[in-house]
1. Would you mind computing, in nm to one decimal, how far apart the modelled labels at Ala220 and Leu170 are, each placed 7 Å from Cα along Cα→Cβ?
2. What's the center-to-center distance, using Cα atoms, between the range 192-235 and the range 141-161 in Å?
3. Report the relative contact order of the range 1-74, percent, no decimals, based on alpha-carbon pairs under 8 angstrom and at least 6 residues apart.
4. Mind running the shape call on the chain? Use the C-alpha gyration tensor, a ≥ b ≥ c as the square roots of the eigenvalues: rounded below 1.5 for a/c, prolate if a/b tops b/c, oblate otherwise.
5. Rounded, prolate or oblate: which one fits the range 1-73, using the alpha carbon gyration tensor with axes a ≥ b ≥ c (rounded when a/c is under 1.5, else prolate when a/b beats b/c, else oblate)?
6. Which percent, nearest 5, of DSSP beta bridges in the range 110-175 are antiparallel?
7. Work out from phi, with θ = phi - 60° and the Karplus expression 6.51 cos²θ - 1.76 cosθ + 1.60, the ³J(HN,Hα) of each residue of the range 85-101, listed in order in whole Hz, and give x for Gly and Pro.
8. Report for the chain the percent antiparallel among DSSP-assigned beta bridges with both residues inside it, nearest 5.
Amino acid sequence: MNAGTLTWSGSGTNFYINQGTLTNLAAGTITITADVSANNYFGLFGNAGRLTKAGTSGITTLLPTFVNTGTLDSQSGIISLAGTYTLTKGTFNFGLNSLLNYGQINLAGSATLAGTVSANLNNGYIPIATNVFTVLNYGSKSGIFTNTILPFADAWQTNYTTTNFTLTALNARPILFTGSTSVKELTTMATNVVTDLDVPPQGLTSSLVSAPNGMSINPATGVVTWTPAQTNSPS
């Protein structure tokens, strides 16, 4: 049993469960940092905590009977449940690093889906509209996830096909300018304070709630224009 923090690393360091049980308790965390696998001799792998694969692009295959009531978390590469499994109460989480780099989970045979699906964005990445992430693959499926927790930076659509589950970004939130800029008095400033990441832009409209006299914003482009008067300095 694991109730602490366990790191599974090192090339070729596979392990075997021989008629026994490995249980990751609710307080436990197991992090897989290599493309390693668990082989099976009538064993059981129970995850009530968090089992994460991260920092590698290959496949980790879990052959023992896998019972997930915690979080199975693929931040990169692929976690493959190749034996029998039970997923009714757990969470599948996926790390999205870029359009071509994201965590995936493969399920052998017919999968009964339930529980929660979630995702997180890494390293400042924000998907844009029409980006599609095929995060879950299966031979066939029944049921659907009963809860979704997806990154707030986008509006999302979930889609179930006969062999996979995808996340599609419908709209990325605009990026607001949060820094500062300086302009000399009697000199015209033109600064873009909002950017729509979607291509093409999706009809973003900007307005100023409170501004100095003479300052305006282009509602379509988000460009602020202002020529400060002498009375505005120093400020």
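Taken together, the values in this text are just the output of simple stated rules run on the coordinates, not laboratory data. Remember, it's a predicted structure, so these values are computed and weren't measured experimentally. Here Cβ is always computed from backbone atoms with ideal geometry, including for glycine, and neighbour counts include all displayed protein chains.
1. 2.6
2. When both Cα centres are located, 36 Å separates them.
3. 31
4. prolate
5. Oblate, because a/c is 1.5 or more while a/b does not exceed b/c.
6. DSSP beta bridges in the range 110-175 are roughly 65 percent antiparallel.
7. Listing the rounded values in order: 7, 10, 10, 5, 10, x, 10, 9, 10, 10, x, 9, 9, 6, 5, 10, 9 Hz.
8. Close to 30 percent.
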